[in-house]
Amino acid sequence: MSESKRNRVRIKVIHQDPVKIEGKYYRGRIAKFNPKTGYGFVETREGSHIFFYADQIRLEGDQTRKSDIRPGKLVGFDVGWTDRGIRVCKMKIVEEEANP
């Protein structure tokens, strides 16, 4: 196993954001996304990165195409836990004005 995999910290809890998007989504930004593979990471307000796979998440709202996912976009997201750790399971791309 590589050294980076051994030292990786697994996220077990997402700190509660006092103001959620639409009252139900955590807030974050798309930190990285590779459209060819569909893999990416959402960065939380605390600076943690949470993995997502575009084909396995449910996109909600007006922007629901895989091509709408781009780094830097503000998103609301919900998470699920797998045997490999925490992952984004639902995502909504939101406009910048929705960020209080």
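Assorted remarks:
- Whole-number percent relative contact order across region 40-99, with pairs defined as alpha carbons under 8 Å at least 6 apart: 34 percent
- Within the shell of other residues whose beta carbon sits under 11 angstrom from the beta carbon of G38, the net charge comes to +1, with Lys and Arg scored +1 and Asp and Glu -1.
- Förster radius 30 Å - calculated FRET efficiency between D83 and A31 (Cβ-Cβ, nearest 0.05): 0.80
- Here each label is just a point 7 Å from Cα along the line to Cβ, and for Y39 and K24 those points are 3.1 nm apart.
- Whole-number D in µm² s⁻¹ for region 19-98, Kirkwood Cα-pair radius fed into Stokes-Einstein, 20 °C, 1.002 mPa s: 173 µm²/s
- Count of lysine pairs in region 19-98 with Cα separation under 12 Å (8 or more residues apart, or interchain): 6
Read-outs throughout are calculated quantities, based only on the coordinates presented, and are distinct from any laboratory measurement. Every value quoted in this text rests on a predicted model; they were computed, and no experiment measured them. A quick note on method: Cβ atoms are made from the backbone with ideal geometry, for glycine too, and the neighbour counts reach across all protein chains shown.
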